[in-house]
Amino acid sequence: MKTHLIKGLGLAAAACALSTVGAAQELKEITIQATRIINTKTVGRDVSTGSPIIDVSLSYGIKVSDLDLASHYGPIQLEKRVRDTALLACQDLGRKYPDSTPSDSECAKAAGDKAMVRANELVAAAKTSAAK
């Protein structure tokens, strides 16, 4: 089977620089990367499937520098931004590649879950810094 990978197709924005709470500000970033698989027909056909699989992705940066991640409200807002941005990226991919898989909601869940790992690290660092 022929497999073609296209990474970073249609990068919409570079990741935004983030800062943590505290005297020493370290630059951090969160990037949402939505990924879809597309089956397309080609002139030459693969013996097993007849079409190559193309992996496309779209990345968006999220602004968090205006959030107090050590507060109660900051992490809630951050998660909302991550989930909303993940859905937006997946919907954009879905419009560009309507026959792609997975669905918008499955794509958004996977992209959001992956980005929340980084978001949770930033929240933990901000809370640790604020407790000192």
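Each reported figure results from applying straightforward, stated rules to the coordinates on display, with no laboratory input. Just so we're clear, the structure is a prediction, and the values are computed from it rather than from any experiment. Positions of Cβ are generated from backbone atoms using ideal geometry, with glycine treated the same way; all protein chains shown enter the neighbour counts.
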Requested in this report: Subtract the Cα-Cα distance of Lys96 and Asp84 from 0.36 nm times their separation in residues, and report this length gain in nm to one decimal.
Outcome: 2.5 nm
Report summary line: If the chain between Glu121 and Ser103 were fully extended at 0.36 nm per residue, the gain over the current Cα-Cα distance would be 3.7 nm
Report task. May I ask you to list the residues of segment 83-125 whose amide nitrogen lies under 17 Å from a point 7 Å from Cα along the Cα→beta-carbon direction of Asp55? Result -> 100-103, 107-108, 110-112, 114-115
